[in-house]
Structure formats: C-alpha cells, structure tokens
Amino acid sequence: MKLKLFPDDIYIFFMELIKDTIKTRQEQGIVRPDMINLLLEARKGKKIDDNSDQTVETGFATVEESSIHTDSTKPTKELTDLDIAAQALGFFFAGFDSVSTLMSFMAYELVVNPDVQKRLQDEIDDALNECNGKLTYEALLKMKYMDMIVCETLRKWPPSIVTDRVCSKPYTIEPVNSGENPVHLKVGDAIFIPIVGLHRDPKYFPNPDRFDPERFNDENKGKIQPYTYIPFGLGPRNCIGSRFAILESKTIFFSMLGKFNFVAIDKTQIPVKLSAKSFNMVGENGIWIGVESRSKYK
Ligand code: HEM
C-alpha cells in the first residue's frame, strides 16, 4: 500500500545508523552480545534459539514463542543488510513505546489505588530482606503481587489496543443475536482483533473499568476464558518481547518503590482521560505523577 509508518528523515536516520553498525562490525570483527549479532549469525545459518530449554516464566501474561520453523538451521531466505536493519528498527519501535505505556499506566494506577501501592511496597520490602538488599532475578520472579499488578495494568490499559491477521481460509462468523447478519471472510481479508475491547468486555471481566489485581490471583487467573486476555497477542506471530517487557517493568518498579512513594501532583489527571488524537493508549495531558521519599529514607 506504500503506507509509511515514520517520516522519511527518522526512517533514514535509523536505517543508516544500523547499516553503518553492521558495516563497522564486519570490517573490524567486532562481536557484541546483542540482536544485530544474532541476526548476523542467523544470516550465516546459525541457530539463534539455543537457550530455549532454559526459559523461565517472567509472569502470567508472558506468551510462548512459536516452535514453527525453528527445527531447521538452514535459512529459507538470505537476510540482507536492509532486512537486519528493518528488524532492529522494528524491535526498537515495538519495544519502546509499549513498555513506556505499561509503566506509565501502572504508576498511575498505583497513585489512585494507594492500598495496592502499599501492599506492593510490603512485598518489595520482604523480597529485599530475603535477598539482603540486592535484587536477584529469582526474587523478582517470586513476587506474586507485582505480577498481579502488571497483569491487571496490561488488561485495563493494553499498550497494543488491537492486532491484525490476514484471512487464509474462507470462514463465516455466524450471527449470535437476532437481527445480525453472518460475516463472510474471504482469503486475503484483513481482520482486526480488538484487544482492548476484549479486555474491557464485562462478559469476560466484570466491572472492567475497576483496577483489580485480584483478577489475577492464584484462584482467579485460571478462570479467565482462553483468548479473552491477550496483551501480547497469540499464536505464531505473538509478541517476541513479552518476557523482556515484563522483566524490565518489574525491575524498575522494584527499584523505584523500594525507595519512593508515587503520589498525585497538580498535573495528575484523575480520572485519566485518553487522548483522542492518538491511536494508542496515551493520556490526554500525558501521565504525570509525583515521587516522594519513603519515610524510612527520610
Ligand atoms: C508491554 C510491552 C509490549 C506489549 C503490550 C506488546 C504487545 C504486542 C502485540 C499485541 C503484538 C502483536 C502480537 C499478535 O498479533 O499476536 C506484538 C508484536 C511484536 N512485538 Fe511486542 N509488545 C510489547 C513489548 C515488546 C518488546 C519489548 C519488543 C522487543 C524487544 C517487542 C517486539 C515485538 C515484535 C518484533 C512483534 C512482531 C512479532 C511478529 O510479527 O512475529 N514487543 N507486541
């Protein structure tokens, strides 16, 4: 369709930056433990999911990577520099704004639900005690209430409000209510899946505008109807960065809330209103919160 996602100057800046990095690395034999290196290795036919057996769950919302196409070490298509640059650019944009949205709305919910914030701080203090003041990976992943809050933020404020698929087989969606017509889908039709519509549907999440981490406690999370909670999408094209996104967010909240309280300030809009100018979850006036030292540090 020749639709552009970014203005030309931004696109050219990033593409050139990544292509120059590839060139410099190849010319000078530089090896860094990062994604560009993995893609350069993949180009040579090396498998890049060697550690998949050791994967640890980072949270309930995490999605599983697809095992489709990982059984062959032979690339089906030669990766060009442009492909590698496009992948790196895709990761950058897919992974930046989404995590920032998750963290902004999570901070907002902690401000307007001080009891939730206090309980999370208690959990953080206990974890800090257990690991002698130094955060460990294991301690972070053991924090159940932190995970419940992350899950509930992703439900109420999913950073990706919608995802899409192309129809590969003719299919008819039969009417459910009287007066509705069937919808006939043809091969090639574009289908939009309304993530936020599912997450805020009272049929699946009663009282959906209420921020309630208890929806994700051990007893309740198993009762969630499959495919109604999909912050990271689903199936073979689900989000590749769910573990990283959850881990990154939990680490930051752990560090911040161990030392500070999140509080409302004059600029905090309560209740927050969403911007009508953006397709994504963006606060009308941004999301503003204050940070004050916790009494134990004063
Ligand atoms: C809270 C943070 C994030 C959310 C809510 C999120 C959500 C999503 C969703 C809904 C999709 C579409 C999945 C589908 O249609 O089934 C997606 C795809 C994707 N995400 Fe994320 N994402 C997040 C963070 C990240 C991060 C940190 C990265 C990279 C480091 C990333 C990289 C990608 C990529 C590359 C795809 C496309 C996958 C494909 O087409 O095969 N995302 N994400």
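List of remarks:
- Taking strands (runs of 3 or more DSSP E) as the structural unit, those lying wholly within the stretch 154-215 and holding at least 1 residues that are among the basic types (Lys, Arg) and under 27 Å from ILE240 (Cβ atoms) correspond to 163-166.
- Taking the listed residues ILE265, ILE289, the one that is under 30 Å from ASP126 (Cα atoms) and touching a helix residue (DSSP H, G or I) at 6+ places or on another chain (Cβ under 8 Å) is ILE289, with no other qualifying.
- When the test is whether a residue is in contact (Cβ under 8 Å) with a residue 24 or more places away in the chain, touching a strand residue (DSSP E or B) at 6+ places or on another chain (Cβ under 9 Å), surrounded by 15 or more Cβ atoms within 10 Å (Cβ to Cβ) and over 30 Å from LYS134 (Cβ atoms), ILE230 passes it.
- Of all residue pairs spaced 6 or more apart or on separate chains, those with beta-carbon atoms under 7 Å, a first member in the stretch 12-33 that is within 15 Å of ALA88 (Cβ to Cβ) and a second member that is assigned to a loop (DSSP other than H, G, I, E, B) are THR24/ILE30.
- Total residues in the stretch 258-267 satisfying the condition of being open to solvent by less than 20 Å² (accessible area, probe 1.4 Å) and outside any strand (DSSP E or B): the figure is 1.
- For ALA127: the one exception among (1) farther than 22 Å from SER278 by Cβ; (2) without any contact (Cβ under 8 Å) to a residue 60 or more places away in the chain; (3) touching a Phe, Trp or Tyr at 6+ places or on another chain (Cβ under 8 Å): (2)
- Which listed residue, of GLY241, GLY286, GLY235, is within 10 Å of the ligand (Cβ to nearest atom) and exposed (fewer than 15 other Cβ atoms within 10 Å of the Cβ): GLY235
- If you check SER249, SER255 for being away from the ligand (no atom under 16 Å from the Cβ), under 17 Å from LEU102 (Cα atoms) and in a helix (DSSP H, G or I), only one passes: SER255.
- For the stretch 128-153, the set of residues classified as at pLDDT 95 or above and in a helix (DSSP H, G or I) consists of LYS144, TYR145, MET146, ASP147, MET148, ILE149, VAL150, CYS151, GLU152, THR153, listed by residue number.
- In the stretch 163-192, residue nearest to GLY95 (Cα to Cα) [restricted to those that are within 13 Å of the ligand (Cβ to nearest atom) and open to solvent by 40 Å² or more (accessible area, probe 1.4 Å)]: ASP164
- Within the option set PHE60, PHE93, being among the hydrophobic types (A, V, I, L, M, F, W, C), within 30 Å of MET148 (Cα to Cα) and at pLDDT below 90 holds for one residue only, PHE93.
- Residue count for the stretch 115-127 under the criterion of being open to solvent by 80 Å² or more (accessible area, probe 1.4 Å) and either at pLDDT below 95 or of a type in the set (Asp, Glu) (or both): the result is 2.
- Residues in the stretch 131-147 include at least one that is touching a residue at least 12 places away in the same chain (Cβ under 8 Å), buried (at least 18 other Cβ atoms within 10 Å of the Cβ) and under 20 Å from CYS239 (Cα atoms).
- For the criterion of being under 16 Å from ALA107 (Cβ atoms), over 22 Å from the mean Cα position of the chain (by Cα) and among the β-branched types (Val, Ile, Thr), ILE270 passes.
The values are calculated or read from the model by the stated rules, or taken from the named source; none is laboratory data. Being a predicted model, the structure only gives us computed values, none of them experimental. Using ideal geometry, Cβ is built from the backbone for each residue, glycine included, and neighbour counts are taken over all protein chains shown. Side chains are part of the model used for accessible areas, which takes the heavy atoms of the whole protein and leaves out ligands, DNA and RNA. Shrake-Rupley method; radii C 1.70, N 1.55, O 1.52, S 1.80 Å.
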